[in-house]
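Only the coordinates and a few stated rules stand behind these numbers; no lab work does. Predicted, not measured: the structure shown is a model, and the values here were computed from it. Every residue, glycine among them, receives a Cβ derived from its backbone with ideal geometry; neighbour counts consider all protein chains shown.
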Amino acid sequence: MDEDLLDYALGYAQSRSVEYAEVRGQSQVLDGFVLRNGVLEEYVSALDSGFCVRIIARGGIGFASTNRWTKKEARSIVDLAFKYARAARRKDAISFAEEKRVETECTVAQRKSIEDVSPEERISSFGEIDKALASCGVKITATLSQCATSLVSKYFVNTEGSRISSFVPRIGAYVFITVAEQGKTEQTHEQFGYSGGWEALDEWNIPEKMVHDAKALRNVMVKGKAVRPGNTDLICGPKVTGIAAHESCGHPMEADRILGREMSQAGRSFIYNGGPYWIGTRIGSDVVTVVDDPTVAHSYGYYAFDDEGVKARRRYLYKNGLINEFLHNRESAAKIGTRSNGSSRSMSYQTEPIVRMANTFVLPGELSEEELVEDVKQGIYIKSFTEWNIDDKRFNQRYVGSEAYVIEKGELKDPVARPVIETTTLKFWMVVDAVSKKVEFDAASCGKGDPEQIAPVYDGGPCIRLRGVYVK
Amino acid sequence: MMDILSKTEEIVEKAKAFGADEVVAKTTFGKYRQTRFSNNQIDITVAWNDYITDVSLAWKKRVVATQINDFQEIDAKIDRLLKLAKASKENPTFGGYAKGSFRYAKSMADKRLPDLEDPSRLILEAIDAAQEKVGSQIESGGILFTGFEDVYLVSSEGPIGVDSRSGVELSIRVFSEREASGHGVECSSTLAGFEPSRAGAKAGEVARMARGPKAGDEGVYDVVFDPLIFGSMLDVWADMVSAFSVLIQSSVFVDKLGQKVAPEIVTLKDNPGAYSLANRVFDDEGMPTRETVFIDRGILKTYLHNTSTAKIFKTETTSNAGLPFPEAWNVEMDPGDVSRDDLFKEVKRGLYLTNTWYTRFQNLAKGDFSTIPRDGIFLIEAGEIKQSLRDLRISDNALSILNNIVAISKERQHVHWWGEAETPSLSPYVLVKDVHITKSR
């Protein structure tokens, strides 16, 4: 990356009447491929490299980017960003919360370097998924497997003297299967993600996981019974805990949403100033603590410094059931009168950094999963989910079980077909009475922003037990 | 301009010289501008310039692709791509790229779009129009986007073409109360006829009607879909009619060619016409684009194809490449024979839904899904809107919705919106019977 050119762009910006300016260069070596039914469709390999400038002037923000690495182009995008910032004509000026100057370099280590893994080895590794599925005894009528690696180098400088270089290698995978049984089909998918090297493949063991999913799906198709709608005890496995944490804890705690900046796209939040929910309001039981933490080593959402140069740290969103701390970038923090907690992320040099989650999960308790189940006379255990969604204020949500079982007298029994939870954030988290001790993570791709930015994240948690939930 | 085309040709020639069997290179020089606003003020204006060449090639049916930034390091990148192809695996279903020489329609792109002098003026027009409908005490947010692309395509199989593509869209959401909102969009390929006030007035009117919402009830309703929310449904079917979706069984249309999938009043087409945000005169293989009827009076006639998927299905490309996968450009639903107002009159007791978000499927092949209406949700009784509602969810089936269409309006609107209506469409008001509605308990 031509850091001298980026320094030049910042210097040129400083020569204008800016209140603040930052320049971010980003180079991404991207490799990806798609297998359909085990056959390679296409292999893509590319270097996407460019830079952007963000300027505050006259209380407005302008942003411009390019992938043409010349001084002339650098001046051109600075001029554009400056022009657009001044044109905003805001009644209330935008400012950034105070932040320390940082000079650092950070790198995520790889045990098996992604660059050293040949295309043949990559394709072959994923070919094993179809081989395993073909011999597992379940009729699979279609598979789609995708693998994507990215080697992301960034260089960030701003007019406050910060200068940060980073390198984060990431690997992501997605597998989608269709299972046929007795003339019917069902589908499931798994997503995997990791910041680090190719060693991730050993840890994931995708073929084994997909065979498990295929057998579980067939089991539901053959033996699964419909739920008799009504209130029942419910145990959510880590996948369900995780999606609920992401959707109904992480998203509503994004300060830009709370302040209305996403009102036209991703929406607002049930949390707002002057409303029934704010910092200190109870939203869950005492045993519910949900955090967002970019510093989880090798997590899919890992970063050491955010895209405004703020050091990453763990954020306690819901703490012992109380709304505790919003996710902030420097703009939202200034508006609320606090400091950024390092939640500003941008997925490309073409996009502005906005408030994002990283890895959102429920903190563990002290019970084992078995102990959670033992204390349920009659209930349902939902291990994984298929359809899910939540409204744009992040209050009304729905999760449809994929792998799920009846619990009777403290034991797992027959599978249940497509149990549905359709409830509110408050009702869901208030009736959690126990949390198991083992946290598991799932990779996910979180969409937000316009143009949409897909952020790699983890969501997760332990098993949680809810009492008296309406399931249909 | 010719210099860019020459450089694009050079990439194809070099790839052939390095040993590629077939090559397509598409250079896009794009200028995109977006102004975002919320709480009635401009938050940021974003400008991005893009100079990129997408290169796809095949060597012994090994299919690989890369991007070249601003014509930098062409030799090294093509050399690396060929090495990648040789290390890759054969795709037996690769059917080659489109062959032939073609004459293309003239682009109607609007060269004024990339550098509008004062984009905030258009936003203020929309906000003013909303305030005229609902009063000055509103909160509004949204975007104004403009884009202009010069596109140069060269294929080793004959096609060579130059196109200009442009688009402008304004999206505005207006809140008249915390739980009462409306959304409007205005989309066009050019500034001619582009009226931001139309989107603002629509958003304002819906926000006004949505005041004082009550919790809605579960049940089975006849539903009038606004063009905006129906654009989201058209987006679902557009994805599912891509031949690749069919191949991976992510579609309710698997094995349904020639079958009735909708009532006779339903005709759906793909058409990247000059008016649409998807305007283009050739696809990504260089085939001249055209109108493709995929549901003709209720019968599923074809999937959308590129050359490779067409060969798999033993048919011809529909000019929907998409490399490596075919995609819909712009879906049009044929108009019906009733006015919007008459369509409402047909509803004894039902709902009027204006927008939605977060559509997710249990099973894409079966089509079971749910989606969450947002902005105005209204109870209709005896053909008239009686009450604003909130907190409801459509929990139904994509094929059932299509099958249960009972009336389509004459009026249609060009729709495109963040997230849910990603495929541009020409969408009418549509009455669908027996739609399943659920809510939180």
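Among the listed pairs A:LYS472/B:LYS260; A:LYS377/A:LYS437; A:LYS409/B:LYS366, which have their C-alpha atoms separated by more than 24 angstrom in this model?
A:LYS472/B:LYS260; A:LYS409/B:LYS366
Once label points are set 7 Å from the Cα along Cα→Cβ at both B:ASP342 and A:ASP414, what is their separation, rounded to one decimal in nm?
For B:ASP342 paired with A:ASP414, the spin-label model returns 5.3 nm.
By how many nm would the segment from B:LYS301 to B:ALA87 grow when fully extended, if each residue of separation counts as 0.36 nm and the alpha-carbon distance is taken off?
Extending this stretch completely gives an extra 73.1 nm.
Excluding A:ASP307 itself, calculate the net charge of residues whose Cβ lies under 10 Å from the Cβ of A:ASP307, where each Lys or Arg counts +1 and each Asp or Glu counts -1.
Once positives and negatives cancel, what remains is +1.
Would you mind calculating the gained length between B:LYS106 and B:ARG178 on full extension (0.36 nm times residue separation, minus the Cα-Cα distance), in nm to one decimal?
21.2 nm
May I ask you to derive the FRET efficiency for B:GLU422 and A:GLN191 from their Cβ-Cβ distance with R0 = 30 Å, giving the value to the nearest 0.05?
Once the sixth-power term is evaluated, E becomes 0.90.
Can you give the net charge of the other residues whose Cβ lies under 15 Å from the Cβ of B:ALA105, counting K and R as +1 and D and E as -1?
With Lys, Arg at +1 and Asp, Glu at -1, the net is +2.
Quick one: compute the contact order of region B:2-206, relative version, from alpha carbon pairs under 8 angstrom and 6+ residues apart, as a percent. Kindly include the intermediate steps, with their values, before the conclusion.
Numbers: 472 pairs, mean separation 47.9, N = 205.
Computed value for region B:2-206: 23 percent relative contact order.
With no solvent and one equal point scatterer per Cα, compute the Debye intensity ratio I(q)/I(0) for region A:227-305 at 0.15 Å⁻¹ and report its log10, rounded to two decimals.
So the normalised log intensities are -0.75.
Among the aspartates and glutamates, select those whose C-alpha is under 17 Å from the C-alpha of A:LYS100, and discard any that sit fewer than 8 residues away in the same chain.
A:GLU19, A:GLU22, A:GLU160, A:ASP306, A:ASP307, A:GLU308, A:GLU331
Quote the relative contact order of region A:264-320 in percent (integer), defining contacts as alpha-carbon pairs under 8 Å separated by 6+ residues.
With pairs under 8 Å counted, the relative contact order is 35 percent.
So if we plug the beta-carbon distance of A:PHE167 and A:ALA134 into 1/(1 + (r/R0)^6) with R0 = 35 Å, what FRET efficiency do we get, rounded to 0.05?
For A:PHE167 and A:ALA134, the calculated efficiency is 0.35.
Is there a pair in A:LYS112/A:LYS319; A:LYS131/A:LYS154; A:LYS184/A:LYS383; A:LYS448/B:LYS386; A:LYS225/B:LYS439; B:LYS269/B:LYS439 whose C-alpha atoms are over 29 Å apart, and which pairs would that be? Working shown, then result.
Details: A:LYS112/A:LYS319 38 Å; A:LYS131/A:LYS154 38 Å; A:LYS184/A:LYS383 22 Å; A:LYS448/B:LYS386 35 Å; A:LYS225/B:LYS439 23 Å; B:LYS269/B:LYS439 34 Å.
Pairs exceeding the cut-off: A:LYS112/A:LYS319; A:LYS131/A:LYS154; A:LYS448/B:LYS386; B:LYS269/B:LYS439.
B:ARG441 to B:GLN137: FRET efficiency via 1/(1 + (r/R0)^6), r the Cβ-Cβ distance, R0 30 Å, to the nearest 0.05?
On the way: r = 34 Å, r/R0 = 1.13.
Using R0 = 30 Å, I get an efficiency of 0.30.
If you bin every alpha carbon distance in region B:40-112 into 10 Å steps from zero, what whole percent lands in each bin?
Taking all Cα pairs of region B:40-112, the binned fractions are 14, 27, 29, 19, 9, 2 percent.
Could you pull out the GluC sites (Glu not before Pro) across region A:308-394 that fall in loop regions by DSSP (anything but H, G, I, E, B) with no more than 12 other Cβ atoms inside 10 Å?
In loop regions of region A:308-394 (DSSP not H, G, I, E or B), the sparsely surrounded GluC sites (Glu not before Pro) are A:GLU366.
Separation of region B:279-314 and region B:84-99 by C-alpha centroid, Å?
So the separation of the two Cα centres works out to 21 Å.
Enumerate the amide H contacts of B:VAL435 below 5 Å, restricted to partners 5 or more residues apart or on another chain; note that Pro and chain-start residues carry no placed amide H.
Sorted by chain and number, the residues that satisfy this are B:TYR221, B:ASP222, B:VAL223.
Restricting to Cα atoms and excluding each atom paired with itself, what does the Kirkwood estimate give for chain A in Å? Before the final figure, lay out the partial values.
Numbers: mean 1/r = 0.0422 Å⁻¹.
Evaluated on chain A, it is 23.7 Å.
Pull up the cross-link candidates among the aspartates and glutamates for B:LYS348, meaning alpha carbon to alpha carbon under 14 Å and not fewer than 8 places away within one chain.
Answer for B:LYS348, where 14 Å is the Cα cut-off: B:ASP222, B:GLU381, B:GLU384, B:ASP434, listed by chain and number.
Normalised by the residues of chain B, what does the relative contact order come to in percent, with Cα pairs under 8 Å and at least six apart? Before the final figure, lay out the partial values.
Details: 1219 pairs, mean separation 70.2, N = 441.
Worked out over chain B, it gives 16 percent.
Using Cα positions and a limit of under 22 Å, work out the lysines in reach of B:LYS111, with same-chain residues fewer than 8 apart set aside.
Correct list for B:LYS111: A:LYS83, B:LYS26, B:LYS31.
Return one number: the angle in degrees, 0 to 90 and rounded to the nearest 10, between the long axis of the Cα atoms of helix B:74-87 and the longest principal axis of the Cα atoms of chain B.
It is inclined by approximately 90 degrees.
Stokes-Einstein diffusion coefficient for region B:216-441 at 4 °C in a medium of 1.567 mPa s, Rh from the Kirkwood formula over Cα pairs: what value in µm²/s?
Approximately 73 µm²/s, per Stokes-Einstein.
So how far, in whole Å, is the C-alpha centre of region A:384-433 from the one of region B:363-401?
Taking the Cα centre of region B:363-401 as reference, the centre of region A:384-433 is 21 Å away.
Once you put a point 7 Å from the Cα of B:ASP75 and another 7 Å from the Cα of B:ASP255, both along the Cβ direction, what distance in nm separates them?
With each label placed 7 Å out from Cα toward Cβ, I get 5.5 nm.
From zero up to wherever the largest Cα-Cα distance of region B:2-206 sits, split into 5 Å bins and tell me the percent of pairs in each.
1, 7, 14, 13, 12, 10, 9, 9, 8, 7, 6, 3, 1, 0
Between 0 and 90 degrees, rounded to the nearest ten: what's the tilt of helix B:196-209 against the longest Cα principal axis of chain B?
Long axis of B:196-209 versus the principal axis of chain B: about 40 degrees.
Once Rh for the protein assembly as shown is found with the Kirkwood sum over Cα pairs, what is the Stokes-Einstein diffusion coefficient at 10 °C and 1.306 mPa s, in µm²/s?
Diffusion coefficient, whole number: 56 µm²/s.
Give, as ranges by residue number, the residues of region A:389-409 whose backbone N falls under 15 Å from the point 7 Å along Cα→Cβ of B:GLN387.
Answer for region A:389-409: none.
What do you get for the angle between helix B:227-241 and the principal long axis of chain B? Use alpha-carbon atoms, 0 to 90 degrees, nearest ten.
Its long axis makes an angle of about 40 degrees.
Can you compute the label reach from A:ASN219? Point 7 Å from Cα along the Cβ direction, backbone N cut-off under 14 Å, restricted to region A:389-405.
Backbone N within reach: A:402-405.
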